[in-house]
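The values are calculated or read from the model by the stated rules, or taken from the named source; none is laboratory data. Model, not experiment: these values are computed from the prediction. Reconstructed Cβ throughout: ideal geometry from the backbone, glycine too, with neighbour counts over all protein chains shown.
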Amino acid sequence: MRESHESPIPGPVELSLQSPTFSFVGLRKLSPTYAWRFLPKNRGRRRKPPVNAFQILSLPVAIPLLSAYLRFYGTLKKPRAEVTDMANRDIIVMGASKGGVEAFSKLASLLPADFPGAVFIVQHSSPEFRSRLHEILSHKGRLPAIQPQDGDRIRPGVIHVAPRDRHLLVKTDHVETPFGPHENRSRSAAAFHTTRVVAVLLTGYLDDGVSGLSAVKRCGGFTIVQDPREADAPDMPENAIRHVAVDHVLSLEAIASRLSDIVREPAPDPIPVPEEIMEKIKVSEHEVPNIERMNRIGEVTPFTCPDCGGAMWNAKNEPVPRLVCHTGHSFTVKAYLEGQAKVIENSLWAAIRFMNERIKTLKDLVEMEQGKGALVTPGIYEERLRELDYHMRIIRKFIVSGGLSGTDAQREDARE
């Protein structure tokens with residue numbers, strides 16, 4: 001009698017995917033074909049058992065288990081290009097100040113209706129006025145324009161306009177619009193999207209947009225600047241060209257054409273984000289500041305913030321000197337001078353107000369004392385009144401002369 005070389009009927013098979021017993025052998029021992037050989041009447045028989053209903057019903061269990069095994073151990077691993085689509089340069093950030101409404105309107109009218117990129121616009125303006133820029137751009141162009149709310153998802157083919165007096169921080173898949181100190185908005189897009197970002201700097205005063213343009217460039221993004229010769233205020237484009245190795249200097253028509261092309265081009269591989277850029281973003285996001293963090297951003301200076309009076313640090317690796325305070329306010333040197341000018345002007349107007357009130361109080365005092373029949377020496381008070389009036393007029397004349405304005409262009413606008 002021929003002896004059977006089959007092993008005894010196997011016990012339960014461990015199904016944990018982390019277990020070494022989960023193998024093809026284990027799967028085979030789960031099959032009804034294998035178990036059929038150990039029935040008492042079939043021991044020693046080598047013929048293939050017939051296919052039965054139990055074996056057919058076991059297929060929905062065996063196939064997913066086999067698929068899971070192969071997937072976890074890499075047999076069915078697909079090439080990366082098949083799993084994740086290659087990203088394009090489809091994050092477009094634009095900034096402007098004086099003349100920006102007209103420039104943005106023209107660009108919006110030139111972009112095609114099938115433009116696939118997500119556009120983010122920051123227009124520097126007074127916080128006292130409600131912004132209707134998104135309504136203007138929707139009317140002028142083919143793309144819808146919105147004012148996103150905090151937490152809204154990024155929408156391709158849509159123009160996202162920064163709300164009045166808020167940040168517009170571009171994150172991985174959504175935007176954040178917190179209240180807070182004025183701070184560069186392009187930097188967050190550069191940090192979270194690196195080589196996908198295209199930064200466009202348009203007309204404006206001073207050099208506020210230069211640091212954001214530099215951050216985009218350092219993170220591998222693409223940079224475009226409006227031709228200063230056609231800009232309403234050429235200061236910002238000229239400063240950008242002077243301090244950053246921009247990729248293109250173009251007219252508005254050429255910018256629209258280039259954007260329509262580049263937004264469909266594959267972006268280069270992402271690159272590491274410089275540490276100080278991430279630290280500056282943390283400050284702008286209002287994380288609790290500390291001196292150690294600020295010391296990583298730059299060196300402390302003897303200057304104070306014109307907005308809050310806090311100490312200021314000179315930021316490292318900036319194309320133009322930039323001062324940052326630990327509450328999040330940020331200024332280039334020219335913007336800092338403008339901030340100082342506003343503080344001085346407000347202080348001088350306050351001095352004029354107090355001097356006016358002092359004059360009125362002195363006059364009332366003299367009249368009150370004379371009404372009571374007190375002996376008042378009018379000469380002393382009259383001399384004080386004349387001095388106050390003289391100095392008050394000097395201060396007022398200095399303020400209205402525009403001597404505190406930071407740029408020649410702004411002085412010309414003030415005279416007009």
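Here are the numbers:
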| item | result |
| --- | --- |
| Selected residue [in a helix (DSSP H, G or I), in contact with a Lys or Arg (Cβ under 7 Å, 6 or more places away or on another chain) and not polar (S, T, N, Q)] from 362, 337 | 362 |
| Meets criteria (among the β-branched types (Val, Ile, Thr), out of contact with any Pro (no Cβ under 9 Å at 6 or more places or on another chain) and under 24 Å from residue 338 (Cβ atoms)) for residue 291 | no |
| Search result, residues across region 301-314 that are of a type outside the set (Val, Ile, Thr), assigned to a strand (DSSP E or B) and surrounded by fewer than 21 Cβ atoms within 10 Å (Cβ to Cβ) | 302, 303, 311, 314 |
| Hey, residue 294 in contact (Cβ under 8 Å) with a residue 12 or more places away in the chain, in a helix (DSSP H, G or I), assigned by TED's automatic domain parsing to the domain that holds residue 216 and surrounded by 15 or more Cβ atoms within 10 Å (Cβ to Cβ) or not | no |
| Index of the failed condition, residue 242 passing every other in (1) buried (at least 23 other Cβ atoms within 10 Å of the Cβ); (2) modelled with pLDDT under 95 | (1) |
| Options 231, 199, 215: the member that is under 23 Å from residue 334 (Cβ atoms) and over 13 Å from the mean Cα position of the chain (by Cα) | 231 |
| Test: residue in region 334-342 that is surrounded by fewer than 17 Cβ atoms within 10 Å (Cβ to Cβ), in contact with a strand residue (DSSP E or B) (Cβ under 7 Å, 6 or more places away or on another chain) and in contact (Cβ under 8 Å) with a residue 12 or more places away in the chain | no |
| Exclusive hit being surrounded by fewer than 19 Cβ atoms within 10 Å (Cβ to Cβ) and not β-branched (Val, Ile, Thr), set 247, 235 | 247 |
| Output for region 231-246, where each listed residue is touching a residue at least 60 places away in the same chain (Cβ under 8 Å) and not in a loop (DSSP other than H, G, I, E, B) | 235, 236, 239, 243 |
| Residue in region 122-131 that is among the charged types (D, E, K, R), in contact (Cβ under 8 Å) with a residue 40 or more places away in the chain and under 28 Å from residue 339 (Cα atoms) present | no |
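For every residue, the table says whether it meets (1) part of a helix (DSSP H, G or I); (2) modelled with pLDDT of 85 or more.
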{"residue": "373", "(1), (2)": "no, no"}
{"residue": "383", "(1), (2)": "yes, no"}
{"residue": "386", "(1), (2)": "yes, yes"}
{"residue": "389", "(1), (2)": "yes, yes"}
{"residue": "393", "(1), (2)": "yes, yes"}
{"residue": "396", "(1), (2)": "yes, yes"}
{"residue": "399", "(1), (2)": "yes, yes"}
{"residue": "412", "(1), (2)": "yes, no"}
